[in-house]
Amino acid sequence: MKRDVQLGGATSWLADVPCACGEKIPTPLAALLQGLPITCWNCGARLTVKQEESRESLEALGRLNERLSRIQNDIAR
């Protein structure tokens, strides 16, 4: 998990999503949680999260995202 540049006034936390071509796609956690399509910059493949099959993982990711946001806000004070 890494922090990227500011997007829309908030720092975006990124996860590396693996693509079948072997590249890792830096993806904002919010995009994963919202089920937005992820496009590989290398091969153009369009990936989506299977929301129902990934429900437990997405819930855990949502909790992590909330905690990271709280920590970020505390540090910014």
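The values are calculated or read from the model by the stated rules, or taken from the named source; none is laboratory data. Only a predicted model underlies this, so the values are computations on that prediction, with no experimental measurement involved. Every residue, glycine among them, receives a Cβ derived from its backbone with ideal geometry; neighbour counts consider all protein chains shown.
Each residue in segment 31-44 was checked for being hydrophobic (A, V, I, L, M, F, W, C) and touching a Ser or Thr at 6+ places or on another chain (Cβ under 7 Å), and 1 of them qualify.
Take the conditions modelled with pLDDT of 95 or more and loosely packed, with under 14 Cβ neighbours inside 10 Å and apply them to G44. Does it pass? First the steps, then the outcome.
Values: modelled with pLDDT of 95 or more: yes; loosely packed, with under 14 Cβ neighbours inside 10 Å: yes.
Taking the combined requirement at face value, the residue satisfies it.
From A76, A10, A15, grab the single residue that is modelled with pLDDT under 90, among the small types (G, A, S) and within 11 Å of the chain's Cα centre (by Cα). Steps first, please.
Numbers: A76 fails: within 11 Å of the chain's Cα centre (by Cα); A10 fails: within 11 Å of the chain's Cα centre (by Cα).
That would be A15, the only listed residue that is modelled with pLDDT under 90, among the small types (G, A, S) and within 11 Å of the chain's Cα centre (by Cα).
For segment 27-40, filtering for residues that are in contact with a strand residue (DSSP E or B) (Cβ under 7 Å, 6 or more places away or on another chain) and without any contact (Cβ under 8 Å) to a residue 24 or more places away in the chain leaves 6. Summed over segment 35-73, residues that are of a type in the set (A, V, I, L, M), in a helix (DSSP H, G or I) and under 14 Å from the mean Cα position of the chain (by Cα) total 5.
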